[in-house]
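The values are calculated or read from the model by the stated rules, or taken from the named source; none is laboratory data. All values reported here derive from a predicted model rather than from experimental measurement. We place every Cβ from the backbone using ideal geometry, glycine too, and count neighbours over all the protein chains shown. Note: accessible area is taken over every heavy atom of the protein model, side chains too, but ligands, DNA and RNA are not part of it. Shrake-Rupley method; radii C 1.70, N 1.55, O 1.52, S 1.80 Å.
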Amino acid sequence: MDMLNFTLNAILLFGLITIVNSDTVQQIYIKDNKIPVKGGDIQIVCEVSPFTKDVLRIYKADSLPQDITTASLVTQCIPSQCIGNVPRHTFSPSSSGVTITVTNLNRSEDQKYWICTINSQRKHMRLTVYTITPSLQYDNPPSQNQDLVQTSVTYSCSTGCAYPSPNFTWYYNKTGGLRQEWSTTAPVTDRTGGCTDSEKIYTSTLTLSRYTQFTDNTDTTVQFQCGAISITGAGDHRFTPASVDVRFAVRVSTLTLKDGNSIPSNSLEVNSGEPHTVTCTSSVSRPTATIIWYYGGQKNKTETTRTSSFTFTPVYSDNLKQVYCKAFNIQQESQAVSSNIVSLYVKVKVANVTLKDGNTEPSGTLEVTNGVSKTLTCTASVSRPTATIIWYIGKDEKKREIVTLSTFTFTPVISDHNKQVYCKASLSGNPDVFSNRITLYVKVLATTPTITDLTTEKLEGDQIRYKCTSSQTRPVAIVTWKLHTIILSDVQNTEHNHGNDLKSVTSIATLTANRTDNNKTIYCETTIPGQSVVNAQEKITVYWPPMSPVILTSSFPFLEGQTGKSIYCSSTDYGNPTATATWTTQYGTPDSADTRKLRLPKLTYQVDRSPVKCQLKNLFTQRKGLQIQSIQVLLQVEYSPRVQILAYGKQVTTITRNEGQTLSVTCDATGNPTPTASWVGQQSSGPTLSFDDIDRADHGNYTCRATATSTHYLSHNFFTEETLAIVVNYAPDVTVDVSSSNPTENQPLTIKCKPEGRPAEYHFTSFIQNWRSVLIPNTHITNNGVIKIENIQLQDSGAYICKANNGIRDRNQQLDQSGNNTVNIKGKLSFFIRVLFNKS
């Protein structure tokens, strides 16, 4: 133990000085949520994460202390051991905390705040120790069945010693039924009654006052039970035995007044001077209800019974008096239930009937309008019950109702013309009484006429016609034509009879198409006297040609290489319908959405000065065969100069001349803007390059440069160069090379003819040997201007002369050119003597 104390003190001291990451108290709880019951045992867990080095202290206190040192220390632990010797307490430390097992729980020592602390951290819980009631019983219950109509009933049930107060619930069950919870709560009292350790005896009292009704106000008998539970979920539910039978009172809830077997709702028809009997029957009630009769608002008869009858003899003045009854039993009379209330009606015969149109009583003819509702009234003298008023048009019944004043609204139709309208009053057991009769004149209003367009295409300047057909009317309709607000005068009307005074009108209007009338509305108005005009209308669409177009050139000139450019066929009036355009041009495509726009391709020099014109077309030009065109314009595209080199009327990039010939070439430059051309590096600044006597030194490439300046595209470089290759051919210069400068007899020797000229394609015409102007026969083979001698002899000495050409004549017009070289062979004198001898 001393060693443990030393360890704890060391840990504490070290922790106070060097704590960086201390252990953390996570929670304190009862293991497995076990309910603490007096005399039982539980395990309390102080959970620490991690539990490695710090000291865990566990305290108990009656209240939650501000200063932990005022609480009672139960134990202090490290992960391997706990200090403390507390009866009934066992401590089990581990790496996750400490488990405290407490046995034989009691309230005085264990019902406290339990607190786990590490350093300044703490977690706590309040431990309640329960005492479960051992029994539940009635206190002096009734010994015989109870009737709540006669008396009130009180039940009390009490527990044994318990802590804390249990939850009481009262139950009832009907005979053979299931136990159900009673809806009314019962007060709970407590007393010590010899209990100790804060335990008490608890009593719940259920009181049912006299005349208590069952929940659904029915004649019901039940038995009661008392139930109590100390801890929800602990399985300690206690019940008393079932009580004696208790029968509930029933409050009177309904009362029905009947006339014989029927239940009148509002009125009751009676005959003046004749006795009449009605009955009132109440709903089932305990005790029996008292029924009171009322006649004209005054009490008339009272009796205690379920069904009561009332006989009365009405007089004329009893009309509209009310008859009803009321019933009460448990409730006060002021809260009595009322029956249905009926009013008395005393019968009176009909004396006369009058038909009116508004405030007048018409006679003879009544003018009405087809399709327009008309309201008449029919007034019968007062009767009881109210007479039935029946309306007629011709022989057809149209309406019947039981009223004194009847309103008849009808919508006349064409076939009602000349029929009679009247009403009569009918009362059972009495003859019918008729009103005055009137004859209907049914006006037929003009409805929306029909307009027919007789001219399909309305071209400006042409005559156009519309036909209007009115509906059948009574009397004949008046037809008026309007263009916008102007009344038209060129109109022809024709009437048509349809029988029964019905007529229609066909009207034709003629006018000249004018563009100013386009989209205006033409109206055909029809009416009969007393009617607002009705009309049919139609928009006029007039077609006219477009004005002559122009091609806008404000965007000219364009620049070579530009894309997305377009030109437009513009007009001050594109006509109606809006004209489309066709284009006469080598370049461009009409825009798919608006053909008046010509989309140009990527601009090149070919487009420059290409002609273009447009033509506008619409329905008018097609029908009239008109061609409405713009003036032709030339597209303008500025581009870098186009250069070609001309020689003797032909374009060349390479030209060949022979030395000594003349040559004249021209640098031909065209473009927009106009370019100037010159030859680079030449003294002449013009476009012509000339040679009077061309020399081989003039062979080479010559550059022509063309430039231009634009006032529209200042930053663009209008610059082009073309190169001419001049090839100067000349006759070859011929030399003869010897492979050794000091040839010796019997040694090999090569003698080579070397022409140099242009072109370098040579024809060797001769290769001869002379000795001092004497031609020596040469037996050596010449191969393409080369003589190869394997063993040279003295007789091979002499001048070797080679002739060759390349097809080009020299300035003297000589084709073959020659060259020579002298070969001296070291050898014997006899050769020369032999040569001389042979020659002589």
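Of note:
- Exceedance of the 27 Å cut-off in Cα-Cα distance is limited, within the set 399/503; 321/424; 321/374; 38/60; 299/347, to 399/503; 321/424; 321/374.
- A P(r) calculated from all alpha carbon pairs of region 608-755, with 10 Å bins opening at zero, reads 9, 22, 17, 14, 13, 10, 7, 4, 2, 1, 1, 0 percent.
- A 1.4 Å probe run over the protein chains yields, for the chain, 53 Å² of accessible area per residue, whole-number rounding.
- Placed amide H near residue 638: partners under 5 Å, 5+ positions off or other chain: 558, 559, 560
- Scattering curve values for region 270-310, log₁₀ I(q)/I(0), Debye with Cα scatterers, q = 0.29, 0.31 Å⁻¹: -1.05, -1.11
- Rg of the Cα atoms in region 576-676, relative to 2.2 N^0.38 Å, amounts to 1.77.
- In loop segments of region 739-791 as defined by DSSP, the trypsin sites (Lys or Arg not before Pro) with at most 14 further C-beta atoms inside 10 Å of their C-beta are 772.
- Note on surface exposure: 650, 520 rank 650, 520 by accessible area, highest first, 1.4 Å probe.
- Cα convex hull volume per residue for region 402-553 (Å³): 177 Å³
- Evaluating 6.51 cos²θ - 1.76 cosθ + 1.60 at θ = phi - 60° for every residue in region 534-543, the Karplus couplings come out as 10, 9, 10, 9, 8, 6, 9, 10, 9, 9 Hz, glycine and proline recorded as x.
- The angle separating the long axis of helix 830-839 from the principal Cα axis of greatest extent in the chain is about 70 degrees.
- Sorting 816, 259 on solvent-accessible area from highest to lowest, probe radius 1.4 Å, gives 816, 259.
- Computed about its Cα centre, the charge dipole of region 364-403 is approximately 120 debye, with only Lys, Arg, Asp and Glu carrying charge at their Cβ.
- Counting only protein heavy atoms and a probe of 1.4 Å, the accessible surface of the chain is 47% carbon and sulfur.
- Whole-Å semi-axes of the ellipsoid equivalent to the chain (Cα gyration tensor, √5λ, descending): 130, 82, 21
- Applying a DSSP loop filter and a limit of 11 other Cβ atoms within 10 Å to the trypsin sites (Lys or Arg not before Pro) in region 349-451 leaves 395.
- Heavy-atom accessible area ranking, 1.4 Å probe, most first, across 281, 473: 281, 473
- Quotient of Cα Rg and 2.2 N^0.38 Å for region 412-469, N being how many residues it contains: 2.48
- Eigen-decomposition of the gyration tensor built on the alpha-carbon atoms of region 20-106 gives equivalent ellipsoid semi-axes of 22, 16, 13 angstrom, largest listed first.
- Principal-axis analysis of the Cα atoms of the chain puts helix 2-18 at an angle of about 60° to the longest axis.
- Cα convex hull, region 362-455: 100 Å³ per residue, rounded to a whole number.
- Using a probe of 1.4 Å, the accessible surface attributed to residue 756 totals some 120 Å² when neighbouring protein chains are kept in position.
- Excluding same-chain neighbours fewer than eight residues apart, the lysines reachable from residue 458 by a Cα-Cα span under 22 Å are 467, 482, 520, 539, 617, 624.
- Kirkwood-based Rg to Rh ratio, region 269-369, C-alpha trace: 1.31
- Nearest-10 value in Å² for the accessible area of residue 243, using the 1.4 Å probe: 10 Å²
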